[in-house]
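Since the structure comes first, as structure tokens, the remarks are kept for the end.
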Amino acid sequence: MAPFLRVENLVKSFGTTTVVKGVNFAFNKGEFVSLLGPSGCGKTTILRMIAGFENPTSGSITVDGQDITNLKPNQRQLGMVFQAYALFPNLNVGDNIAFGLKIAGMPADQRRARVEEMLKLIGLPGFEKRYPYEMSGGQQQRVALARAIAPRPRMLLLDEPLSALDAKIRVSLREEIRAIQLDLGITTIFVTHDQEEALSISDRVVVMNAGNIDQLGAPHEIYNKPATRFVATFVGHLNTIEATVVSASKHQVNIDGQIVTLPSLPDGAVTNAPISLTLRPEVLSVGERAGSDITLTGTVSDVTFLGSVIRLRVALGKNIISLDTFNDQRTAPPARGDAITVSLASKDLLILEN
Amino acid sequence: MKQSRFWAWLVFGVGAAYFLVPLIATFEFSLRMRRGYYSFDSYASVFSDPKFQQTFTYSAVIGLLSIIVGILIVVPAVYFVRLRMAWLRPYVEFLTLLPLIIPAIILVYGYIRLYNSSSIIPFTGSAVGTDILLTFAYVTLALPYMYRAVDTGMRTIDVQTLTEAAQIAGANTPQIIARIILPNILVAVLSGAFLTFAIVIGEFTIASLLNRPAFGPYLQNIGANRAYEPAALAIISFIITWGAMSMINLLSRFAPRTSARTD
């Protein structure tokens, strides 16, 4: 099956600064894909080039077999939701949703029916006569979503649509967006800098860094098998341990004076060379645990009580690692300065390539 | 506290007197046409003068045309400057201030020199041509006010995002300006329109030198030949201007609101 959206060698420069550096990806019809990365990584620029608001310096964008690279935004048949809602203040909710339909020349009775259908879909039936200023941010963004999908666009673009909302509404609205997307089967590109958002609702995630794609994969692949140091540190919490190879042939490394045997070392690893290891806090356990083949000893340097979870920072030497442990009401949490043993399975240690 | 209030009221009182005393005196004088007691005879005389009606109607029509042409030029210009050519903004601002710096007399002599009956574009060769020229002159004269009113209106809305939202929904540029931008800055545009009307209705120099039957030259003519009618006309002109200004205040209540509810 040919991909629905294909982006090839996409480059965008502003003056002498190149913000998108030859990006390639292809998505299938009906996929929900997130462009994830920090501010300035080029994710919004890519979305704006797909929408037609920015002209690529070079490269091509194809949607459903049609090259849209040089089409104006109003000729692309795409829907978009903006961070700042961008509802038209002079139009009520019904007219906002019907705007694209009216431009397309849809008869009034069909428009009314479509508006009603959209309002039901976003859970705001009976709101057609309200004006944007009479609604909360969450309600406005739902109307913006309805306006974007009412003309049945080929693809839906979401430019950080949840950023301006408070935390609780953000979670509920992202679930609504995903439910609507699955219901309609519409190909969706979602730009966000929030990794939790991206991981929770996407079929695939594109992690961007400084104008390049560092990794493209399913959320569990991005989280469990980060391809680069940047992905590993940007997505989720990650402990990084700086170690030294003691014996390349025996796969042994030295972590602050403690010798650990790894299942493998990267090709080209040599004795006495520095090596970076990473591990997620959740793979670490306090004390010995069945299935763990590595134990490390250290000192508790900090204890943060978070209710059901206690976050510990353990100094192994120069390296300090974090781990989360469930709060057990029957025992007191470790105190600062306590000696502690932590264990992990060697397969959970990832070797980072710079 | 009491003392600071006293001085505030004193300054306000002196300021108010500075504006009101001449106005009251003019009004009082306009009522003294009939010897011995007050009457509205001078107003009746003005309103019954066919020349008053003709010149007022002429200026009102030219004023409306100036407003329409001004909107058609200024709204798209401000829109494109804000959206795509922000670097041009200081130059446009300077350009729109020129009518305040260059006296109307220079402007009209320039027009006469450029568009006289023996020039390539002989606007002054016919009455209609001169009316068109007068309209353009008034558009230029009102440019500082119209530009600033529209620019302030556009500052209150997110022009770029609204444009993009309309574009992605399928709208082209004329549709965006007509259906989204203009309705959202309508109050600002109307403010500019009323200011234009207030300028046009009493303008003398350009209308007189282009020899058009406008209200300004009529006011001057009456002032030179009658006693009480000029005072009545001054009050009428003031009421028209004041009415136009009040409309701006009234309309600002109907500006589209942009902020979201916070609950």
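Quick notes on this structure:
- Any hit, region B:203-218, residues being crowded, with 17+ Cβ neighbours inside 10 Å and modelled with pLDDT under 90: no
- Condition met for residue A:101 (within 14 Å of another protein chain (Cβ to nearest Cβ) and surrounded by 17 or more Cβ atoms within 10 Å (Cβ to Cβ)): yes
- Cross-chain or 6+ apart pairs with Cβ under 9 Å, region B:67-93 first and surrounded by 14 or more Cβ atoms within 10 Å (Cβ to Cβ), then not in a helix (DSSP H, G or I): B:75/B:185; B:78/B:185; B:92/B:85
Results for (1) loosely packed, with under 14 Cβ neighbours inside 10 Å; (2) under 31 Å from the mean Cα position of the chain (by Cα), shown as yes or no for each residue.
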position: A:270; (1), (2): yes, no
position: A:285; (1), (2): no, yes
position: A:289; (1), (2): yes, no
position: A:296; (1), (2): no, no
position: A:349; (1), (2): no, yes
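- Total residues in region A:193-210, condition surrounded by 23 or more Cβ atoms within 10 Å (Cβ to Cβ) and over 16 Å from residue A:182 (Cα atoms): 4
- The listed residues are B:232, B:244, and the only one of them that is in contact with a Leu (Cβ under 8 Å, 6 or more places away or on another chain), away from chain A (no Cβ under 14 Å), of a type in the set (A, V, I, L, M, F, W, C) and touching a residue at least 12 places away in the same chain (Cβ under 8 Å) turns out to be B:244.
- Top-ranked residue in region A:322-345 [being in contact with a strand residue (DSSP E or B) (Cβ under 8 Å, 6 or more places away or on another chain) and surrounded by fewer than 15 Cβ atoms within 10 Å (Cβ to Cβ); ranked as nearest to residue A:260 (Cα to Cα)]: A:341
- Scope region A:79-98; condition outside any loop (DSSP other than H, G, I, E, B), more than 21 Å from the chain's Cα centre (by Cα) and closer than 16 Å to residue A:141 by Cβ; matching residues: A:93, A:96, A:97
- Residue ID - farthest from residue B:133 (Cα to Cα), chosen from residues in region B:27-63 that are surrounded by 15 or more Cβ atoms within 10 Å (Cβ to Cβ) and of a type in the set (Val, Ile, Thr): B:46
- Residue-level check: of (1) at pLDDT 95 or above; (2) more than 9 Å from chain B (Cβ to nearest Cβ), residue A:80 misses just (2).
- Filtering region A:59-73 to residues that are within 14 Å of chain B (Cβ to nearest Cβ) and either in contact (Cβ under 8 Å) with a residue 24 or more places away in the chain or within 27 Å of the chain's Cα centre (by Cα) (or both) leaves A:63, A:68, A:73.
- Matching residues in region A:125-154 - criterion: being over 20 Å from residue A:113 (Cβ atoms) and of a type in the set (A, V, I, L, M): A:135, A:144
- Taking region A:128-239 and the helices (runs of 4 or more DSSP H) fully enclosed by it, the elements with 1 or more residues that are within 14 Å of another protein chain (Cβ to nearest Cβ), over 18 Å from residue A:37 (Cα atoms) and of a type in the set (S, T, N, Q) are at A:137-149.
- Leading residue by the ranking (farthest from residue A:100 (Cα to Cα)) among those in region A:115-155 that are of a type in the set (Lys, Arg) and buried (at least 20 other Cβ atoms within 10 Å of the Cβ): A:142
- Subset of region B:11-40 that is hydroxyl-bearing (Ser, Thr, Tyr) and part of a helix (DSSP H, G or I) - its residue that is farthest from residue B:238 (Cα to Cα): B:18
- Number of the exception - residue A:61 against (1) modelled with pLDDT of 95 or more; (2) surrounded by fewer than 19 Cβ atoms within 10 Å (Cβ to Cβ): (2)
- Search result, residues across region B:103-116 that are surrounded by 13 or more Cβ atoms within 10 Å (Cβ to Cβ) and in contact with a Ser or Thr (Cβ under 9 Å, 6 or more places away or on another chain): B:104, B:107, B:108, B:111, B:112, B:115, B:116
- Listed here are the helices (runs of 4 or more DSSP H) enclosed by region B:151-218 that have at least 2 residues being within 14 Å of chain A (Cβ to nearest Cβ) and within 30 Å of residue B:134 (Cβ to Cβ): B:186-202.
The values are calculated or read from the model by the stated rules, or taken from the named source; none is laboratory data. Owing to the predicted nature of the structure, the values given are computational and were not obtained by experimental measurement. Reconstructed Cβ throughout: ideal geometry from the backbone, glycine too, with neighbour counts over all protein chains shown.
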